[in-house]
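Take a look at the structure set out below.
The values are calculated or read from the model by the stated rules, or taken from the named source; none is laboratory data. These numbers were taken from a predicted model, which means no experiment stands behind them. Every residue, glycine among them, receives a Cβ derived from its backbone with ideal geometry; neighbour counts consider all protein chains shown. Just so you know, the surface numbers come from the protein's heavy atoms only, side chains and all, with ligands and any DNA or RNA stripped out. Shrake-Rupley method; radii C 1.70, N 1.55, O 1.52, S 1.80 Å.
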Amino acid sequence: MSAEPLSGRALLRLLHLASPGLPVGAYSYSQGLEGAIDADLVRDEPSALAWIEDVLRHSMARLEAPVFCRLFDAWSAGDRERADHWSAWFLAARDTAELRAETVQMGFSLGRLLRDLFPADPRSAWLPASVSAAPLPFPGALAAACVMLETPREASLHAFLFSWAENQTLAALKAIPLGQAAGQRMLFALEPGILAAAASALAMADEDLSNWTPGLSLLSMRHETQHSRIFRS
């Protein structure tokens, strides 16, 4: 099946959602990468690229991306029960305090923006009105944004994965540190992995979803008490 055509309007809206300037606080998180740098597992451009590729393959492609697809379908169908199910499922799969706090904070921030942009949309009532309300993970909020902005499902998934990869690359540039040219080389090198992750996520059955990344989980837990750090995860 060919991909759904992407209009100029939809492309602009996806560029908006994938922008580092989207006010959700993504720049303040490294998702374990800073912990890997502190442990000397990541120290230069090749090791940073290898780390990001591994997380993309073993975590994003097998958990975040397929859950995003299911949440996109639930929001598209107006099925709140299904959306709540996959949101709760994803939150339960966040196995460290930092990773859970990150997705809840980013989800709330994007949800607040959507409530401002679409106050008359009845689906805005699904979005949490406060941080203390029923938490909405970031993949759920992004799926809601894509549906409300009427962007195609597959293109939305690609934008989600690219945005994640870009944020990881920017975190590496700041924390190792690396130069801007290195960051661009890494993003180009990540393109095949992003496409493969999207294809895998689109075809994955519910029973194949997995969050088995023990090294990432251990580094995330270590990062909670790391003495010197610039990122919140």
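Brief remarks on what is shown
- Residue in the range 111-131 that is under 26 Å from S220 (Cβ atoms), of a type outside the set (D, E) and under 13 Å from the mean Cα position of the chain (by Cα) present: no
- Odd one out for Y27 among (1) open to solvent by less than 50 Å² (accessible area, probe 1.4 Å); (2) modelled with pLDDT under 95: (1)
- Here R115 qualifies as among the basic types (K, R), free of Cβ contacts under 8 Å to residues at least 24 places away in the same chain and either under 28 Å from A88 (Cβ atoms) or touching a Cys at 6+ places or on another chain (Cβ under 9 Å) (or both).
- Of the residues making up the range 146-156, those that are closer than 10 Å to L14 by Cβ and surrounded by fewer than 24 Cβ atoms within 10 Å (Cβ to Cβ) are L149, P152, A155.
- Extreme residue, surrounded by the most Cβ atoms within 10 Å (Cβ to Cβ), among residues of the range 157-197 that are of a type in the set (G, A, S) and closer than 17 Å to S19 by Cα: A171
- When A165, A159, A199 are checked against the criterion of being under 14 Å from E64 (Cα atoms), free of Cβ contacts under 8 Å to residues at least 12 places away in the same chain and part of a helix (DSSP H, G or I), a single residue qualifies: A199.
- Contacts under 6 angstrom Cβ, first residue in the range 170-196 being free of Cβ contacts under 8 Å to residues at least 40 places away in the same chain, partner open to solvent by 40 Å² or more (accessible area, probe 1.4 Å) and outside any helix (DSSP H, G or I), 6 or more apart: none
- Test: residue in the range 41-57 that is more than 21 Å from G193 (Cα to Cα), open to solvent by less than 20 Å² (accessible area, probe 1.4 Å) and touching a helix residue (DSSP H, G or I) at 6+ places or on another chain (Cβ under 7 Å): no
- Residue match in the range 131-138 (condition: among the polar types (S, T, N, Q), at pLDDT below 95 and open to solvent by 10 Å² or more (accessible area, probe 1.4 Å)): yes
- Number of the condition not met by M221 [criteria: (1) over 23 Å from Q105 (Cα atoms); (2) outside any loop (DSSP other than H, G, I, E, B)]: (1)
- Inter-residue pairs, beta-carbon under 6 Å, first of a type in the set (S, T, N, Q) and in the range 38-65, second open to solvent by 10 Å² or more (accessible area, probe 1.4 Å), 6+ apart: S59/T213
- Test: residue in the range 21-39 that is part of a helix (DSSP H, G or I) and farther than 24 Å from L190 by Cα: no
- Residue within the range 66-73 that is in contact (Cβ under 8 Å) with a residue 24 or more places away in the chain, surrounded by fewer than 19 Cβ atoms within 10 Å (Cβ to Cβ), within 14 Å of the chain's Cα centre (by Cα) and part of a helix (DSSP H, G or I) present: no
- Among the residues making up the range 198-220, a single one is within 25 Å of D40 (Cβ to Cβ), within 19 Å of the chain's Cα centre (by Cα) and open to solvent by 70 Å² or more (accessible area, probe 1.4 Å): W212.
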